[in-house]
Each structure stands twice: as C-alpha cells, then as structure tokens.
1. Can you run phi through the Karplus equation (6.51, -1.76, 1.60; θ = phi - 60°) for the stretch 72-84 and list ³J(HN,Hα) in whole Hz, with x for Gly and Pro?
2. Leaving out ligands, DNA and RNA but keeping every protein chain, what accessible area does TYR156 have, in Å² rounded to the nearest 10, with a 1.4 Å probe?
3. Pull up all non-local amide H partners of ASP49: gap of 5 or more, or a different chain, and H-to-H distance under 5 Å with H placed in the peptide plane.
4. Taking every pair of alpha-carbon atoms in the stretch 35-206, what share in percent sits in each 10 Å bin, from 0 to the bin with the longest distance?
5. May I ask you to give the percent of accessible area on the stretch 222-265 that is carbon plus sulfur, with a probe radius of 1.4 Å?
6. Efficiency by 1/(1 + (r/R0)^6): what FRET value for PHE329 and PHE271, r their Cβ-Cβ distance, R0 = 25 Å, to the nearest 0.05?
7. Roughly speaking, to the nearest percent, how much of the stretch 103-179's 1.4 Å accessible area is carbon and sulfur?
8. Rounded to the nearest 10 Å², what accessible area does LEU328 have for a 1.4 Å probe in the complete protein model?
Amino acid sequence: MSFPESNPTISNLQEEGKNAINAPMLTSGADIHPEDTLMDENAERNMLDPTSRENPKFKDLLRVLIDWINNELEEDRIIVKDLEEDCYDGQVLQKLFEKLSGRKLNVAEVTQSEIGQKQKLQTVLEAVNQLLRPHGWSIEWSVDSIHSKNLVAIVYVLVALAMHYSAPIRLPEHVSVQVVVVKKREGILQTSLVTKELTTTTEMMMGRFERDAFDTLLDHAPDKLNVVKKSLITFVNKHLNKLNLEVTELDSQFADGVYLVLLMGLLEDYFVPLYNFFLTPENFEQKVHNVAFAFELMQDGGLNKPKARPEDVVNLNLKSTLRVLYNLFTNYKTTE
C-alpha cells in the first residue's frame, strides 16, 4: 500500500490558515477563530466587534433588557445575568414569551442536549416570528444564531418583543453596533464590518410613524420649538402658581404625573383626592399610574384620549409630553 507524499487535508488547512492571516479587509479588533478556517465554501459567520461591545449605549441597552427580563420573570425565580449565556438555550426566551403573550408553548421544560435546546428554540422562535412578522418586524435572528450565543441576534429579538408588548422600560435610542462578517469565497476568508441598528427613536420603535407639527419643530425648527416650550411653561405656571408650584423644565417635571394631575384639577376647578394618585411616587409603576390617571381626568373633561402612552411621558419623551400639554393649552388657554 502506497501513501501520498503529503496529506491533502493538512495541506488545505495550512493554506486556509495562511489565507486567514492574510485575508483582505480584516479589522484589527476582530479575532478569526480556528473554526473559521474550516468553514464551507460560501459560508458566512457573524460576530460582534470588540469595540462595539464596550460602547456605553450598547452596555446600557443590555442592562435595561436584563432588568426588564428579571422583572417579568421574577415569579418564575429566573435571574438573568448575561444575555449570551442565559438566553441561548431557549429556556428564558420561552418563559418570557409565555409571560408576555399569555400563551403556553408545547416544549420540554428542561433540555440539556444541544438537539433538545435547538428544538425548543425552534418552537419558541416560530411563535415569536408568527407574532412579529405581520407587524413589519424584520427577522434578524435564527435558531443557529441564538444557540451560538450571537449577542446581536439575541438583542434584536428582545428589543422586538419589548417594543411589540409596549414594555414599561426606556430603551436607549439610536444604538448601533459593528458586526464582523466572515465569508469564505474561493477558499479565502474575507472579513468586513457591517453596521447593525438595534434601536431607533422611541416613537418609531413603538410603531407610531405618523408625523405632526412637533416632529417638524424638533427636526427642522429648534428655535421655534423653544418659543412653543416657553408658551407652554407660561400657561402651566399660570395655574400651578395657585398652589405655589412652578415648572421650569417641561422635559422632566411632568414625568411623574403629579403636576399633570394637579393641573387638571386646577383647570377643571376641583380638588383631586390624594388617595387617587401618588403625591410622591417611588417607582416607575406609580408614575405611570399618575399619568394614566391624569389622562382619565382629561377624557372626563371632554378632551380626546391623548395619543401618547403614559409610559412615554414617564420615559421623558419630549414630543409626547409636548403633545399632552399643547392639547391642554388649546382647550384651556382662556381659563383663568
């Protein structure tokens, strides 16, 4: 029996390793993993660029998502500390989806094997996709990407769920990351950087794309916006001064709902019992309660239901706050 002078497989691996080192478009911060050299022809692999991982806005987004999951799954005694390590096997995503949707998925509770984990992920993601796709969400995740602990894919699906179910959280806006894309073309590994936008503005993520005068003011006429804000401050202080209260910052002083409730009582000339709202709200839920209660008082006064959500006002969304106050201004500007 004769043997070839060299092993073709070893030779190919050596050549691919050399190509990996000399691959064009390779970024200095990206690591090429050993398994990349064994990629099939035309295969593609994505990974988060190390510099993006340290981006403060991205880290803030991860923190907000982790806190949200832990709050939602508190009754299940599930504690998430790391999205990559805790979400890849489908268990957390299953529990989160079931909690948010009120649906029970037909999956095994505990799956240790890779096959079992992927089967669970398949069921969970099919349910998620069926829910989100009709609402225009782009599906930026897959069973393989989630199970391989692709952090960007995990964040994409969590952001989509949070936005679809109007989670009472404030996601940082305009969070983008760089993703290293490794492709194998004609035996050569090529890498490139692709920008992935994880969040946009709060209003766009919430699906409210209609534009009004405040969108125009914020986008194109910030000088005129300041005039509008001063007019609204004058209007609200005209009434709040009766209680020795004063507003200087529209952006933040209405966020807990207290001034909104008191303002409605002043505008409609009645006393709001203190047991109906939290005079010194201590958490997000109490603030949302206050703003929602103020919205009820507005509707009782004959105003249309505000377009903004109470959560938007609590989350310091300026346009939402301006819309609510401007609606009051147009209806009560002649009220003494």
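The values are calculated or read from the model by the stated rules, or taken from the named source; none is laboratory data. Keep in mind the model is a prediction, meaning the values are calculated, not measured. When we count neighbours, we look across all protein chains shown, and the Cβ atoms used for this are built from the backbone with ideal geometry, even at glycine. The area values use the complete protein model at the heavy-atom level, side chains included, leaving out ligands, DNA and RNA. Shrake-Rupley method; radii C 1.70, N 1.55, O 1.52, S 1.80 Å.
1. So the J values, rounded to whole Hz, are 5, 9, 4, 5, 7, 6, 9, 10, 9, 10, 9, 4, 5.
2. 30
3. Residues meeting the criterion, in which the H sits 1.01 Å from N, are GLN178, VAL179, VAL180.
4. 9, 36, 37, 15, 2, 0
5. Within the stretch 222-265, the accessible surface is 53 percent carbon and sulfur.
6. 0.65
7. That share works out to 48 percent.
8. Its heavy atoms expose roughly 0 Å² to the probe.
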